[in-house]
């Protein structure tokens, strides 16, 4: 095989999920009436912003060879904290800050710190106390959701302060600012993972933790940072969620975790760690979102969504095995 | 003997009730190649891990360049100038050759104050290092998982030759190498030693020890059973020291 076809083939393999996305969009556009509209595509991006942001944090931890099941509950807690502080109806306390715009950084900071706090607790228990990541974050998934229920008393907060809501309403090039925030997150974290020593170290830790330790990389520090980041990013997802729903309910975001996992796996991240990239994850998120949109447009009962998502995850895993086979032959 | 680089004094290591090392004392000089021999379970790998910061000794003292020294982590040992090549390969197979070569020591340049990997600079260095060692790898950008065992070990060996330091510990470095690569590996060791770097090599193969080492240290049941200059002993005598049949040729070198 000459180097050029080889490189072309590797490029296709590396970006397979993007090609899948384009393929699926093309098929839908051809066969589903009214699918091919800018508004629909904008909607797909808009609808995937919360899930997308959450998937970034999850992907970071999984690439580093661990697991974080708590991201969904952490996002809900972040949203609830923002909701209680800055909503004016329901259980909202309607805190007012002057000038108005000050509520934006403050609410964002609240959501991020709530997430980072849970993340650092997870990180400490998993990395320093050497407990199992699956169990620790499963526990967090349960207790953080419990905390959301407890502080809200099962009720909801409505009418988020307009200054914060502005991010969900104001549009730039047809997309609300919240969607741009998600895109920005993907760009920033993709660069961090691909171009900085920190990102490189996370990937290598996920590949062979012993080797990185022996090479003098501060494995524990890097892993704890990854967990804190996953928490903080989940907090950001919560902030976006609060804006999107203009408040917070006790069961906000239930089920997002499994979609996030699906997106991460479809995006080419291996659950064994060390493999995967964030652009792929974003494509995975968009793929899920475009399929949801297609189901809506075709007027299929929404109950089918889950079946299709599940099959898609299966297909993604099979595709991954297939890809491995091709790569082996390439080398 | 040349100036002592590393001196071990009565190093002990217990794992619970098991005494893996029961008072190891010997020294390594600058530019000296010491072959560390011993049967399976004699404590060779444990000793290497203690020197390289992977394990802490239960008791005992180490002097590195005349100063008391104890590495708590591999990073500390590395900072002091101790490089280690382990028996089970220490490569991340999920990243490419260049990333492995620079693991933990990436070349970066600042972009807006943020350290960014300088891939091109790193690739140039790796290209040069591999070429000068005569190792051929089709693409430096292919992931290590797609390389053969010999190529992987060559990367590890070239890595330590490149980074050098002051003392190199090699734990069974040639296990996966072919005849020609082993010969080249042994040459590499001599070259490294001639630069004044101390080398400790653990091996099972008597022939290799006699080919490359200045001095042979035998460990048996966690103590030094023999410490002799290469010229003053024979493979048979060393085998006897390893199995403990006699103590012929035992005693300090020189």
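The values are calculated or read from the model by the stated rules, or taken from the named source; none is laboratory data. All of these numbers come straight from a predicted model, not from anything done at the bench. All Cβ positions, glycine included, derive from the backbone under ideal geometry; neighbour counts span all protein chains shown.
When A:331, A:316 are checked against the criterion of being within 14 Å of chain B (Cβ to nearest Cβ), in contact with a helix residue (DSSP H, G or I) (Cβ under 6 Å, 6 or more places away or on another chain) and at pLDDT below 85, A:331 stands alone in meeting it.
The condition of being within 28 Å of residue B:21 (Cα to Cα) and over 18 Å from the mean Cα position of the chain (by Cα) holds for only one of B:61, B:44, B:78, that being B:61. Against the numbered list (1) outside any helix (DSSP H, G or I); (2) surrounded by fewer than 24 Cβ atoms within 10 Å (Cβ to Cβ), residue A:68 comes up short only at (2).
Among what's in region B:9-38 and is more than 19 Å from residue B:230 (Cα to Cα) and in contact with a helix residue (DSSP H, G or I) (Cβ under 8 Å, 6 or more places away or on another chain), pick the residue that is surrounded by the fewest Cβ atoms within 10 Å (Cβ to Cβ). Restricting to residues being more than 19 Å from residue B:230 (Cα to Cα) and in contact with a helix residue (DSSP H, G or I) (Cβ under 8 Å, 6 or more places away or on another chain), the top hit is B:20.
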